[in-house]
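The values are calculated or read from the model by the stated rules, or taken from the named source; none is laboratory data. Computed from a predicted model, the values in this text were never measured in an experiment. Backbone-built Cβ (ideal geometry, glycine too); neighbour counts: all protein chains shown. These area figures cover heavy atoms from the full protein model, side chains too; ligands, DNA and RNA do not enter into them. Shrake-Rupley method; radii C 1.70, N 1.55, O 1.52, S 1.80 Å.
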Amino acid sequence: MTDSKRRQVLMAASALLGGVLALTGCSGGGGKTKASSGDSSQAQADEAAAKKSSEAQITVTPKDGSDNASINNSGTVTVTKGSLTGVTMTTEAGQAVAGQLSADKKSWKPSTQLERSTTYKIAAEAKDSQGRIAHENASFTTVSPANSFIGTFTPDNGATVGVGMPVSINFDKAITNKAAVQKGITVSSSSGQDVACHWFSANRMDCRPEQYWKEGSTVTLKLALDGVEGAPGLHGVQQKTVTFHIGRNQVSYVDAKTHQMKVTQDGKVIKTIPISAGAPEHTTYEGQMVISEKFTQTRMNGATVGFKDSDGKGEYDIKDVPHAMRLTNSGTFIHGNYWGAPSVFGSVNTSHGCVGLQDVKGAGDANTPAAWFYSHSLIGDVVVVQNTGDKTVSPDNGLNGWNLDWSQWKAGSAV
């Protein structure tokens, strides 16, 4: 090949190679330019979107999709960097739930306790300082009865009761984590008396001071059981405070041997009433007993407490026992008696275990001994029964925990 031809070939190859390089360089440069353009456009879009979005941050409690939610504290809505402009809460069926918006419009909550086993939906709206709107939606389901427990307590809120009235709580499910539940319950008195609680069973806890409540004091019961696990998979739902008041100090002493009852107030005898206690074959329990119920008239059927004839019917069935006040769950009452001869009161014990006071049929005579005692008694008053020859009443048979001394009582605490 001549030098002239060789130079022509090299020049052609160089031109071809330069074209390839130029093509490669153009392709790479074009790709980079397009990417930069895209990044810039996305950044501009993000900036524009940020300027349009509300700064208000809405929070719904509990979180969306929650189950086993509290019936006391669920459904609350709060906002930061803004104020709430509207909240609606409905059941899954569409029933509206009323709520309260705080004065500063920073929070909202339901006005009433929620129902168990119910799904609720919340739609909330808020705006920020620029008037830009934010929205939040959530739904949750409250705890079911099967997975929760409640305690039925006595006495009632606002009641005035006698000095012997304990706080008694009966749970609708068996409690295995007694310490956790007990820590969620506090009982205090304006008198400053130390109060201890005692578990009689997995379903019942009573609370009382060492001595009877001070007359005129106020007792406060706080239940902070919401969310407390009382047993595996079983949570409390109650969150409330109740108070009751202690009346005058009245304690009555029944002596089955003398057939008399001395009614005392502040330790002084204000009246002596003839009585008839349980007959020798049906003696009355001894011990300190608390009046737990009062009935102007009530039916007493022996078959319900084990006193049956050979035909299975009750040894007695009195449909209108007057001025009856319950002393035990097992059926011991102090009550009026119109069917016995007046001579038995103060002289002989004739009953099936109750304490009888002279009365009239229909409970219409306010001057009878039974009527007087009924009208001067409060639920929570103490009746001390002595000299019957029977055993001391079981402390869990009624509201009769006073028959345990203080060390025995505190030994039943779980904390």
Handout entry: Difference of contour (0.36 nm per residue) and Cα-Cα distance, Lys222 to Lys121
Key = 33.3 nm
Exercise for the section: Return the distance in nm (one decimal) between the two label points of a simple spin-label model at Asp365 and Lys81, each offset 7 Å from Cα along Cα→Cβ. Expected result: 8.4
Handout entry: Cα-based radius of gyration of the stretch 356-415 once divided by 2.2 N^0.38 Å, which approximates compact folds
Key = 1.59
Fill in the blank from the handout: Semi-axes in Å, largest first, for the stretch 316-415 (Cα gyration tensor, √(5λ)) are 30, 15, 12
Exercise for the section: Using 0.36 nm per residue of separation minus the Cα-Cα distance, give me the extension gain between Trp406 and Lys63 in nm, one decimal. Expected result: 118.8 nm
Fill in the blank from the handout: So for R0 = 60 Å, FRET eff. of Asp156-Arg132 from the Cβ-Cβ r, to 0.05, ends up at 0.70
Practice task
Would you mind checking which residues have amide H under 5 Å from Gly75's amide H? H placed 1.01 Å from N; only 5 or more apart, or other chain.
Solution key: Thr61
Problem - Gyration tensor (alpha-carbon) shape descriptor, the stretch 254-397, a/c threshold 1.5 - result: rounded
Completion exercise
Taking a crude spin-label model, label points 7 Å out from Cα along the C-beta direction, the Gln100 to Glu215 distance in nm is 3.9
Handout entry: Simple label model, 7 Å out from Cα along Cβ direction - Gln265 to Ala93, nm
Key = 5.2
Problem - Filter on Lys106/Lys222; Lys271/Lys361; Lys294/Lys410; Lys240/Lys319; Lys268/Lys294; Lys52/Lys121 - keep pairs with C-alpha separation over 32 Å - result: Lys240/Lys319
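Carbon and sulfur: what percent of the stretch 128-217's accessible surface (1.4 Å probe)?
46
If I stretch the segment between Asp255 and Ala279 completely, what's the gain in nm (0.36 nm per residue apart, minus their alpha carbon distance), one decimal?
7.3 nm
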Completion exercise
Counting sequence-distant residues (5 or more places) and residues on other chains, those with an amide H built under 5 Å from that of Thr264 are Val251, Ser252, Tyr253, Ile270
Fill in the blank from the handout: Where a ≥ b ≥ c are root eigenvalues of the Cα gyration tensor, a/c under 1.5 meaning rounded, otherwise prolate if a/b exceeds b/c and oblate otherwise, the stretch 129-173 counts as oblate
